[in-house]
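K.L.:
Here it is, the structure, as structure tokens.
The values are calculated or read from the model by the stated rules, or taken from the named source; none is laboratory data. Everything quoted here is computed from the prediction, not taken from an experiment. Please note: Cβ atoms are built from the backbone with ideal geometry, for glycine as well, and neighbour counts cover all protein chains shown. In case anyone asks, the SASA skips ligands and DNA or RNA and just uses the protein heavy atoms, side chains included. Shrake-Rupley method; radii C 1.70, N 1.55, O 1.52, S 1.80 Å.
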Amino acid sequence: MDKNKLWKWSLLGILVLWSLSLVTPLDKKVKLGLDLKGGSSFVVEVDATDVAKKMVEAGEAATVDAVKESDLQTKIKQVQEIAVEVIRNRIDVLGTAEPEIYPEGDSRIVVRLPGAGDETRSEAKAQISRDAVLNFKLIHLESDAWVSELAAAGKVPTGFKVGGQDRSGAFFIRDLSVPEEKLNRTYYEQLKTFGGKRADYMLMEDKLQDGSTVYRPNFVERRTQLGGNTIKDAFVTYDQMTSQPKISLEFNSEGKKTFGRVTEMYGPKEDGTYRQLAIILDDKLYSAPRINEPIYSGRAEISGSFSVPEARRLVNVLRAGALPGRVKIVEERTVAPTLGQDSIDSGMRAVIYGGVAVVVFMAAYYLIPGLLANISLIFMLLLLPVGMVVSAGFLGVLSGSLEGGSVGLPTLTLYGIAGIVLTVGMAVDANVLIFERMREESRVGKTLSAAINAGYNKAFSTILDANVTTLLVAVILFWQGSGAIRGFAVTLSAGILSSVFIVLVITRLFFNTIADHTKMGVMKMMGIPFLLNANFNFLGVRKIAISISLLLIVGTWALFASKGNDNFGVDFTGGSVITFEFNQKQDIDVVRGALANAGFGTANVAYQADLHGKEFLEVKIGASGTEAEPAVAAVKQLPGSYKEIQEDSVGSQIGAELKVKGIKALFWALVGIIIYIAIRFEFSFAMGAIIALVHDVLITIGVFCALGHELSMPIIAALLTIVGYSVNDTIVVFDRIREDLKLVKGKSYQEIANLSINQTLSRTVLTSFTTLLTVIMLLIFGGGAVYDFALTLFIGIVVGTYSSIFIATPIVLLWHKGEQVK
């Protein structure tokens with residue numbers, strides 16, 4: 001064996017061993033995403049308004065409006081860095097396996113909890129949202145007088161009504177005509193100004209002897225005597241008389257001194273006056289014990305009407321530390337572990353069936369070359385892990401943000417599996433290009449070795465151009481996307497790198513080995529006569545084809561415009577889509593009534609069925625995060641054991657950002673392709689390709705939405721994949737036109753272009769067919785979560801194949817009307 005072949009075989013062996021080492025053992029090396037393993041993810045954002053308020057309180061600015069934008073952004077970044085560690089400490093106590101917590105951008109934090117169930121998710125959500133800001137203040141000396149003044153004037157805060165008076169003073173009870181969700185954080189922030197005094201008006205929850213809950217009004221001084229940053233430890237204790245849980249606190253050395261000084265300074269006076277210490281956690285007044293004597297032990301207690309789980313939760317957040325600034329959950333996604341396993345099963349079926357369909361077709365149609373192509377597909381799949389590591393590193397450096405902070409095998413998601421299935425279909429393209437070229441060379445009488453070399457040499461530029469443009473789309477996907485979309489971009493890039501290496505280096509090595517060591521004169525292949533000897537006047541009907549396209553675009557987009565915002569999913573509009581499974585189906589009107597009673601009268605409710613006929617309830621509402629929780633609770637209370645198995649909750653701000661990101665991704669993909677094709681070919685070719693791409697995107701979106709589906713970020717990913725695939729098709733035709741312009745003389749530009757389309761027709765049809773085979777498997781076996789994604793690809797591939805013949809080249813002809821090639 002010559003040295004040239006030896007190093008190629010050696011390189012292949014090293015890469016395969018490296019790739020296998022990255023994924024074995026599978027259960028330890030391959031991390032599954034939430035859509036496959038189940039679990040929850042949250043995107044948390046630092047509250048800029050709260051940070052600005054704290055800057056004012058710290059004396060860094062006179063008013064919120066006076067805070068400089070640059071100083072605010074710097075402070076937000078500092079808060080984000082501290083908040084990551086605080087949230088990590090809080091999540092660690094939950095015992096969730098391998099949680100992922102990392103900063104995103106300058107103000108957001110991503111929290112992923114693989115395998116988390118309902119209880120863990122709810123607990124994590126509470127831990128993330130709570131500020132855990134503990135303050136010790138004083139009840140104002142005039143508090144009782146001011147409370148009496150308000151009572152005499154008949155002033156009662158919204159959401160409450162007068163309940164009575166006992167030895168401890170006046171108290172309120174809840175006004176149930178005001179829903180609980182309206183008494184949110186903003187409400188209590190505004191409540192502080194009630195009464196218009198120079199102190200904060202606060203309500204302390206208490207229990208009467210009969211067990212009923214009441215609320216006692218107090219005016220609290222604004223000055224903080226002692227902060228929660230001096231807490232050394234916190235633990236749950238129990239009242240010996242009532243067995244009610246209490247939170248015992250132990251201060252550090254600094255807090256011990258300060259607490260002793262405060263209790264000494266405000267202890268009972270000789271005139272009989274005394275002070276109360278207000279213990280406030282997250283702007284809620286928990287207790288206001290009387291200061292009877294100085295306390296130098298450095299210990300204190302928080303008593304209140306909370307349950308044992310709530311007391312333990314408070315202890316955990318106090319131990320983890322307070323967040324330096326308020327954060328809010330702006331995106332939440334949940335998948336039940338059972339649904340994740342279903343996704344794995346359906347995804348693997350799609351991979352297997354799609355792969356088998358392609359393998360059988362290639363072997364049946366191309367015979368020995370087809371068998372070699374199938375072997376190359378196996379090697380391509382074996383090298384995917386290495387390709388993923390290289391792609392993740394390259395894309396991470398290029399975008400300036402290595403997800404998770406390191407280069408490694410990316411998390412496998414359902415869209416990653418879709419990327420693998422699609423890669424199998426697209427990997428066939430390079431082989432088909434080479435095989436068809438080899439067939440042409442064999443027809444003119446060349447030997448097997450000469451036909452192989454000529455086939456590879458002539459197909460090289462086409463393969464290069466086609467894969468570079470698709471890789472460009474993958475880079476833009478990674479740049480503008482996040483989470484699962486980035487995973488898809490990495491998989492697509494890895495597939496491109498692996499397939500190009502295998503096809504151009506290893507498969508050629510197989511062919512050359514056969515040519516050198518056998519007496520085979522020609523490699524037989526099957527053929528379809530009308531494709532091999534194609535002589536259709538495609539460009540002669542270009543006006544009819546363009547008219548059909550225009551009618552389709554106008555018709556579907558008129559329908560799109562009439563539907564308005566209904567075309568967009570929660571990724572773009574904000575809100576929540578919650579999926580429930582159940583044992584006994586309730587009438588749709590019963591579900592709507594329960595949601596209306598919970599304050600969601602405009603909810604979109606529908607029953608959906610999966611491919612196996614199992615029904616699920618899907619509820620779509622405009623609220624997100626904690627505001628959506630009453631809707632979930634209302635459905636769960638229905639008869640029939642309704643259980644939440646999936647939730648996508650996106651804040652309106654995130655939705656607006658994702659919409660902009662989607663538009664930007666499509667825009668930059670088109671710009672990049674224009675530049676590349678203009679450099680590699682000429683400007684008229686670039687315009688032909690871009691108009692064909694715009695045509696493909698418009699028709700795909702129009703037909704997709706006309707079928708009743710909604711646009712989301714995964715659909716944007718599918719559209720970008722279509723852009724890459726369609727331009728791939730178009731470049732194959734353009735590359736042949738460029739070649740024929742040099743070889744064919746004495747004919748018009750239109751005749752040569754038509755000839756080129758016919759010469760590449762076999763490749764165009766066969767490649768589209770093999771890719772559609774894999775996409776159809778995704779449609780049939782991929783499951784509901786990936787169905788819309790696969791449907792978009794199906795529409796796009798059909799339209800893209802059509803446009804590469806009937807749209808792209810006719811646009812090029814506008815720059816070459818009546819031109820003769822001499």
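K.L.:
For segment 189-201, which positions are under 22 Å from residue 164 (Cα atoms) and either in contact with a helix residue (DSSP H, G or I) (Cβ under 7 Å, 6 or more places away or on another chain) or in a helix (DSSP H, G or I) (or both)?
P.N.:
Listed by number, the residues that qualify are 191, 195, 201.
K.L.:
Name the single residue, out of those in segment 583-614 being in a helix (DSSP H, G or I) and charged (D, E, K, R), that is surrounded by the most Cβ atoms within 10 Å (Cβ to Cβ). Break it down into steps so the answer makes sense when it comes.
P.N.:
We begin by selecting, within segment 583-614, every residue in a helix (DSSP H, G or I); these are 588-597.
Now narrow it down to the ones that are charged (D, E, K, R): 589, 592.
Working: 589: 9, 592: 17.
For segment 583-614, the residue satisfying everything is 592.
K.L.:
I'm checking my understanding of the structure. Among residues of segment 138-155 that are part of a helix (DSSP H, G or I) and charged (D, E, K, R), which one is surrounded by the most Cβ atoms within 10 Å (Cβ to Cβ)? Reasoning before the result, please.
P.N.:
Here is the first cut: in segment 138-155, the residues part of a helix (DSSP H, G or I) are 143-152.
When the remaining residues are screened for being charged (D, E, K, R), the result is 144, 149.
Details: 144: 15, 149: 13.
Per the criteria, the residue is 144.
K.L.:
Look at residue 801 and say whether it is within 26 Å of residue 419 (Cα to Cα), in contact (Cβ under 8 Å) with a residue 24 or more places away in the chain, open to solvent by 10 Å² or more (accessible area, probe 1.4 Å) and part of a helix (DSSP H, G or I).
P.N.:
Considered against the rule, which asks whether it is within 26 Å of residue 419 (Cα to Cα), in contact (Cβ under 8 Å) with a residue 24 or more places away in the chain, open to solvent by 10 Å² or more (accessible area, probe 1.4 Å) and part of a helix (DSSP H, G or I), residue 801 comes out as yes.
K.L.:
Quick one: which of 617, 666, 670 is open to solvent by less than 70 Å² (accessible area, probe 1.4 Å) and in a strand (DSSP E or B)? Steps first, answer last, please.
P.N.:
Numbers: 666 fails: in a strand (DSSP E or B); 670 fails: in a strand (DSSP E or B).
None of the other options fit; the residue is 617.
K.L.:
Given the options 211, 169, name the one that is touching a residue at least 24 places away in the same chain (Cβ under 8 Å) and surrounded by fewer than 17 Cβ atoms within 10 Å (Cβ to Cβ). Steps first, answer last, please.
P.N.:
Working: 211 fails: touching a residue at least 24 places away in the same chain (Cβ under 8 Å).
Within the list 211, 169, the selection yields 169.
K.L.:
Could you please give the count of residues in segment 1-52 that are buried (at least 17 other Cβ atoms within 10 Å of the Cβ), of a type in the set (D, E, K, R) and over 25 Å from the mean Cα position of the chain (by Cα)?
P.N.:
Of the residues in that region, 1 qualify.
K.L.:
Another question, if that's okay. Give just the number: which of (1) surrounded by 13 or more Cβ atoms within 10 Å (Cβ to Cβ); (2) out of contact with any Lys or Arg (no Cβ under 9 Å at 6 or more places or on another chain); (3) not in a strand (DSSP E or B); (4) not hydroxyl-bearing (Ser, Thr, Tyr) does residue 135 not satisfy?
P.N.:
(3)
K.L.:
Scan (1) touching a residue at least 12 places away in the same chain (Cβ under 8 Å); (2) of a type in the set (A, V, I, L, M, F, W, C); (3) surrounded by 13 or more Cβ atoms within 10 Å (Cβ to Cβ); (4) part of a helix (DSSP H, G or I) for the single condition residue 633 breaks and write down its number.
P.N.:
(3)
K.L.:
Can you find, within segment 76-90, the residue that is least open to solvent (accessible area, probe 1.4 Å) among those that are of a type in the set (Lys, Arg) and closer than 17 Å to residue 42 by Cα?
P.N.:
So in segment 76-90, the residues of a type in the set (Lys, Arg) come out as 77, 88, 90.
If we keep only those that are closer than 17 Å to residue 42 by Cα too, we end up with 88, 90.
On the way: 88: 72, 90: 1 Å².
Among them, the one singled out is 90.
K.L.:
crowded, with 24+ Cβ neighbours inside 10 Å, modelled with pLDDT under 80 and part of a helix (DSSP H, G or I): is that true of residue 427 in this structure?
P.N.:
Numbers: crowded, with 24+ Cβ neighbours inside 10 Å: yes; modelled with pLDDT under 80: yes; part of a helix (DSSP H, G or I): yes.
Yes; evaluated as a whole, the condition is true for this residue.
K.L.:
Hey, among the residues in segment 441-485 that are charged (D, E, K, R) and without any contact (Cβ under 8 Å) to a residue 12 or more places away in the chain, which one's nearest to residue 728 (Cα to Cα)? Write out each step before concluding.
P.N.:
From segment 441-485, those charged (D, E, K, R) are 441, 443, 446, 458, 465; that's our starting set.
If we keep only those that are without any contact (Cβ under 8 Å) to a residue 12 or more places away in the chain as well, we get 443, 446.
Working: 443: 26, 446: 29 Å.
Residue satisfying both the conditions and the ranking: 443.
K.L.:
Please work out which one of (1) of a type outside the set (Val, Ile, Thr); (2) open to solvent by 10 Å² or more (accessible area, probe 1.4 Å); (3) modelled with pLDDT of 85 or more is the condition residue 104 fails and give its number.
P.N.:
It fails just one condition, (3).
K.L.:
Something else: Out of 469, 507, 491, I need the residue that is modelled with pLDDT of 90 or more and crowded, with 22+ Cβ neighbours inside 10 Å. Which one? Write out each step before concluding.
P.N.:
On the way: 469 fails: modelled with pLDDT of 90 or more; 491 fails: modelled with pLDDT of 90 or more.
Just one listed residue meets the conditions, 507.
K.L.:
Continuing with the same structure: I'm trying to understand the selection: among the residues of segment 276-288, which are over 14 Å from residue 259 (Cα atoms) and either open to solvent by less than 70 Å² (accessible area, probe 1.4 Å) or in contact with an Asp or Glu (Cβ under 7 Å, 6 or more places away or on another chain) (or both)? Give the derivation first.
P.N.:
Narrowing segment 276-288 to residues over 14 Å from residue 259 (Cα atoms): 280-288.
Once the filter is applied, which keeps residues that are over 14 Å from residue 259 (Cα atoms) and either open to solvent by less than 70 Å² (accessible area, probe 1.4 Å) or in contact with an Asp or Glu (Cβ under 7 Å, 6 or more places away or on another chain) (or both), segment 276-288 yields 280, 281, 282, 283, 285, 286, 287, 288.
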